[in-house]
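Below you'll find the structure, written out as structure tokens, and then a few comments.
The values are calculated or read from the model by the stated rules, or taken from the named source; none is laboratory data. Every value quoted in this text rests on a predicted model; they were computed, and no experiment measured them. Cβ: placed from backbone, ideal geometry, glycine included. Neighbour counts: every protein chain shown.
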Amino acid sequence: MNDNTNINNINSENTVNTKAKSDPEIDNCMNNLMKMKFSEKSTKVAVSFRKTCFIRDYETEVVEADTEVTFDHEISGAEREFVATALQAQMEYAGYAGLRSKKLISEKEFAERKKDLATSVVSFANKLEQIEGPGSVAKYFKD
């Protein structure tokens with residue numbers, strides 16, 4: 001390993017430091033990767049969701065969903081990840097709501113997953129705004 005690299009942030013005991021601070025050079029590299037466009041004529045973003053709940057011995061309830069969106073123009077990596085995250089959140093929310101209504105998951109599990117999904121979407125929305133500029137998220141919300 002190169003002594004000048006801090007990608008893995010190895011401490012003196014050769015363990016990975018999980019409380020590592022963000023490296024501006026790596027952040028810049030990732031931001032540039034998220035800005036990339038691949039000059040496609042159309043771009044598909046596909047996501048899937050699967051949740052298995054155990055009802056009793058040898059009996060399960062499985063919720064599965066797949067969806068995709070096709071854009072007629074190229075989109076950046078940041079846009080692609082935001083759209084994928086938002087689609088995933090919509091599908092999972094609907095799936096978890098159905099399972100909750102059947103009482104196959106608890107209110108607490110539903111609330112925790114809903115919070116996780118919202119946090120994830122907000123995180124990617126913030127990243128998209130940071131990379132593509134103000135208003136880049138708003139175009140995905142129609143009246």
How do the pairs read when you match residues in the stretch 44-71 that are in contact (Cβ under 8 Å) with a residue 24 or more places away in the chain with residues anywhere that are exposed (fewer than 10 other Cβ atoms within 10 Å of the Cβ), using Cβ under 7 Å and keeping only pairs 6 or more apart or on different chains? Lys44/Thr70
Please tell me if Gly135 is free of Cβ contacts under 8 Å to residues at least 24 places away in the same chain and closer than 24 Å to Met34 by Cα. yes
Residue under question is Ser136, and the condition is that it be part of a helix (DSSP H, G or I), at pLDDT below 95 and either over 16 Å from the mean Cα position of the chain (by Cα) or not β-branched (Val, Ile, Thr) (or both); does it hold? no
So, in the stretch 73-99, of the ones that are of a type in the set (Ser, Thr, Tyr) and part of a helix (DSSP H, G or I), which residue ends up surrounded by the fewest Cβ atoms within 10 Å (Cβ to Cβ)? Tyr93
Looking for whichever is assigned to a helix (DSSP H, G or I) and touching a helix residue (DSSP H, G or I) at 6+ places or on another chain (Cβ under 7 Å) here; the options are Phe124, Phe49. Which one fits? Phe124
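Condition check ((1) of a type in the set (D, E, K, R); (2) modelled with pLDDT of 85 or more; (3) outside any strand (DSSP E or B); (4) in contact with a Phe, Trp or Tyr (Cβ under 7 Å, 6 or more places away or on another chain)) across all residues:
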{"site": "Cys29", "(1), (2), (3), (4)": "no, no, yes, no"}
{"site": "Met34", "(1), (2), (3), (4)": "no, no, yes, no"}
{"site": "Glu40", "(1), (2), (3), (4)": "yes, no, yes, no"}
{"site": "Glu68", "(1), (2), (3), (4)": "yes, yes, no, no"}
Glu61 vs (1) farther than 30 Å from Ser136 by Cα; (2) under 23 Å from the mean Cα position of the chain (by Cα); (3) of a type outside the set (Ser, Thr, Tyr); (4) at pLDDT 75 or above: all pass except (2)
If you go through Thr67, Thr60, the only one that is surrounded by 12 or more Cβ atoms within 10 Å (Cβ to Cβ) and either in contact with a Ser or Thr (Cβ under 7 Å, 6 or more places away or on another chain) or farther than 26 Å from Asp27 by Cα (or both) is Thr67
Residues satisfying the stated conditions in the stretch 103-139, i.e. surrounded by 14 or more Cβ atoms within 10 Å (Cβ to Cβ), farther than 21 Å from Ser76 by Cα and of a type outside the set (Val, Ile, Thr): Leu104, Glu109, Phe110, Arg113, Lys114, Leu117
In the stretch 84-112, the residues that are within 29 Å of Asn31 (Cβ to Cβ) and either touching a helix residue (DSSP H, G or I) at 6+ places or on another chain (Cβ under 7 Å) or without any contact (Cβ under 8 Å) to a residue 40 or more places away in the chain (or both): Ala84, Thr85, Ala86, Ala89, Gln90, Glu92, Tyr93
